[in-house]
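A short worksheet on the structure shown next.
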Amino acid sequence: MKTLRLLLGDQLNSQHSWFDEVNPDVVYVMAEMRQETDYVKHHIQKVVAFFISMRNFSEELIKRGHQVIYYKISDVNNPQNLEQLILDLVEKNKIEQFEYQLPDEYRLDEQLKNICEKLSIPTKAVDSEHFYTSRNELAVFFKGKKQLLMESFYRMMRKKNDVLMVGDQPLDGKWNFDHNNRNQYKNEVPIPFPLEFHKNVSELVAEIEAKNITIFGSIDKENFNWPTSRNESLQLIDYFCKHLLEHFGAYQDSLFSEHKFLFHSRLSFAMNSKMIRPKEVVDTVISYYYQNQETIELAQVEGFVRQIIGWREYVRGIYWKEMPNYAQMNTLENYNPLPEFFWTGKTKMKCMQHSISQSLSEAYAHHIQRLMVIGNFSLLTQLHPDEVDAWYLGVYIDAIEWVEMPNTRGMSQYADGGIVATKPYVSSGSYINKMSNYCGSCHYKVKDKLGEKACPFNSLYWHFLDEKKQHFANNQRMSMMLALLRKMKPEELAATKKKAISILEDMENL
Ligand code: FAD
Ligand code: SF4
């Protein structure tokens, strides 16, 4: 039966069972489409990374003997949207069956279901064979539970997949080494130079520019360093094991202005585009650990494994459990617009200037920059979660809605009212000062709450707590912070709030 199989840009899994054998009756279709470049304003590196990886993937399939129809963004006959693409191909090629892999985004899931309804041939959706869990496994696991605690999900995942386990107990008797993993980096050990691939992507950038796609951020066209093939992705895991794993956990929460990637793996794009599977990453890291126990501690490995079998699978499960309502949630009723410096990095706040500038130059910031600097500022200034979401979705190389949204709207902005986070991730300047070297060279004074040069995070923090205290009245984890708020002298609170309001009224000048 003549079959058309669709491959989306984030379905680059060359190990998928679809490709086990070459079938002359099967033709694959891949397309770089305006539909995908235009649903939000994207960083140029994100568009380039997806298109190059898709082109490499299609070449690999062709080399393996598969038939592939590929539309480049610049092709004149490119329909630029999924429905037109599939309906046309089915008709022109007398296709008798249409198949696709289950997409990870709600919008594409809906669109594909609609397309299938319009087709008069049999259609079939298959698993993408990427994740550890199915779409609704988390929902089933937490059925009837009030709190969807990541830690319980993570323990179930460790047991179920026999990851770092001895029988039904965690290796070395501990599930979680988080408290070992909260160091500030102070040059104790050298940070290895990141693995770079130095690819020339000038032609593709010219193609994108010629299509007038709205993009932002910068790119070094002659030295593109993100992995864009399976082979490069495997090199990145290997590099991570040999050079970064040893100190990954210890410094995973550190903020450091002299280095962009610290000991982070930079594997998120390779995984989210499915060039490598999470199980391959986890198995490789654990096997490296077992062979190198004299240099690698369990705490480093557990810290890494938790991000992948824990957080990554967890946020995906939350996404499918809560969508489509999740995308509308704004529990804290925040409505402020995003300040202009999110697009330029031009602010006197060193922490924000560094984290945003790096996001704009690299399409990357690590977890704590996303959560405790940019996310923290966004929540304290009560920015609209729609605007925050759109910025995060556009700027990061690894941002695909299923993983971006629960992290941004949920974990970082508490807009879901505590589905993901048990308390809002907010702090005054002192947390940033403890975890970074930003404050020493900042225009603002981290210890000051009032005065022209006072660190904005300080007054904003107390103002936020005061403004939103009703929302947290029954939250045990907020009781200490709210008790401190209550103990504040009325005149001190009034002055602090006055300062915060003046900041909120003039955010562009921070
Ligand atoms: P490492 O620090 O080396 O971690 C290893 C891997 O663990 C990552 O590659 C990633 O796959 C996984 N991981 C770690 N934390 C998380 C998490 N919270 N959720 C899901 N996976 C995780 N990650 C994305 O992949 N896409 C996003 O759009 C995204 N948006 C985020 C937005 C906010 C506000 C926050 C706080 C976090 C976000 N994250 C997102 C999670 C995390 O910041 C990135 O996965 C990580 O920074 C990617 O860099 P890395 O590969 O060097 O990660
Ligand atoms: Fe950020 Fe405040 Fe520190 Fe400046 S002083 S870097 S604004 S936390």
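Laboratory data are not the source of any read-out in this text; all were calculated from the coordinates shown. This is a predicted model, so every value here is computed, not measured. Using ideal geometry, Cβ is built from the backbone for each residue, glycine included, and neighbour counts are taken over all protein chains shown.
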Estimated [θ] at 222 nm from DSSP helical runs (n ≥ 4, -39500 (n - 2.57)) normalised by residues in the chain, nearest 500: -11500 deg cm²/dmol
Segment SER14-SER430, extension gain: residue separation times 0.36 nm, minus the distance between their alpha carbons: 145.1 nm
Just rank ASP25, ASP75, ASP386, ASP253, fewest to most, by other beta-carbon atoms within 10 angstrom. ASP25, ASP75, ASP386, ASP253
Treating the angle as unsigned and between 0 and 90°, give the value, to the nearest 10°, between the Cα long axis of helix 350-362 and the longest Cα principal axis of the chain. 10
Just to confirm the number: angle between the C-alpha axis of helix 82-92 and the first principal axis of the chain, 0 to 90 degrees, nearest 10? 0
Starting from the range 226-325, pick out the GluC sites (Glu not before Pro) whose DSSP state is loop and whose Cβ has at most 12 other Cβ atoms within 10 Å. GLU258, GLU294
The range 350-394 and the range 123-165: distance between their alpha carbon centers, rounded to Å: 28
Show me the trypsin sites (Lys or Arg not before Pro) within the range 87-169 that DSSP assigns to loop and that have at most 13 other Cβ atoms within 10 Å of their Cβ. LYS94, LYS143, LYS145, LYS146
Using the Cα gyration tensor of the range 130-215, with a ≥ b ≥ c the square roots of its eigenvalues, what is the shape: rounded (a/c below 1.5), prolate (a/b larger than b/c) or oblate (neither)? oblate
Take the alpha carbon gyration tensor of the range 137-322, find the square roots of its eigenvalues, order them as a ≥ b ≥ c, and report rounded if a/c is under 1.5; if not, report prolate when a/b exceeds b/c, else oblate. oblate
Work from the charge dipole of the range 1-91 (Cβ charges, +1 for Lys and Arg, -1 for Asp and Glu, about the Cα centre) and give the residue of ASN56, GLN35, VAL68 farthest towards its positive end. ASN56
Relative contact order, percent, the chain [alpha-carbon distance under 8 Å, six or more residues apart]: 16
Magnitude of the Cβ-charge dipole (Lys and Arg +1, Asp and Glu -1) of the chain about the Cα centre, nearest 20 debye, reported as 1640
From fewest to most C-beta neighbours within 10 Å, the residues ASP10, ASP448 line up as ASP448, ASP10
For the range 341-509, with the dipole built from +1 on Lys and Arg beta-carbon atoms and -1 on Asp and Glu ones, taken about the Cα centre, which of GLN358, ASN458, GLN382 lies farthest toward the positive end? ASN458
Given R₀ = 35 Å, FRET efficiency for ASN183-LYS487 by Cβ-Cβ distance, to 0.05? 0.65
Quotient of Cα Rg and 2.2 N^0.38 Å for the range 31-98, N being how many residues it contains: 1.22
Using Cβ contacts closer than 10 Å as the measure, can you line up ARG182, ARG230, ARG55 from fewest to most? ARG182, ARG55, ARG230
Using 0.36 nm per residue, how much length does the chain from LEU171 to GLU467 gain when fully extended, once their Cα-Cα distance is taken away? 102.1 nm
What distance in nm lies between label points placed 7 Å from Cα along the C-beta direction at HIS243 and LEU450? 5.1
What do you get for GluC sites (Glu not before Pro) in the range 168-217 restricted to DSSP loop and a cutoff of at most 12 other Cβ within 10 Å of the site's Cβ? GLU188, GLU196
So, with points 7 Å from each Cα along the Cβ direction, the GLU508-GLU333 label distance in nm works out to 2.8
When Rg is the radius of gyration of the Cα atoms in the range 412-510 and Rh is its Kirkwood radius, what does Rg/Rh come to? 0.97
Over the range 341-509, what lengths in whole Å, largest first, do the semi-axes of the equivalent ellipsoid take, defined as the square roots of 5 times the eigenvalues of the alpha-carbon gyration tensor? 25, 21, 13
What's the extension gain from THR344 to ASN292 if we count 0.36 nm per residue and subtract their Cα-Cα distance? 14.4 nm
The equivalent-ellipsoid semi-axes of the chain, taken as the square roots of five times the Cα gyration tensor eigenvalues and listed largest first in whole Å, are 39, 26, 24
For LYS469, give me every one of the aspartates and glutamates with a C-alpha distance below 13 angstrom, ignoring sequence neighbours fewer than eight places off in its own chain. GLU333
Could you work out the relative contact order of the range 339-417? I mean the mean sequence separation of Cα pairs under 8 Å and 6+ apart, divided by the number of residues, in percent. 24
Evaluate E = 1/(1 + (r/R0)^6) for LEU87 and GLU387, where r is the Cβ-Cβ distance and R0 equals 41 Å; express this FRET efficiency to the nearest 0.05. 0.75
Degrees between helix 106-118 axis and first principal axis of the chain (Cα, 0 to 90, nearest 10): 30
Would you mind checking the radius of gyration and Dmax of the range 35-155 based on alpha-carbon positions, in Å? 18.2, 53
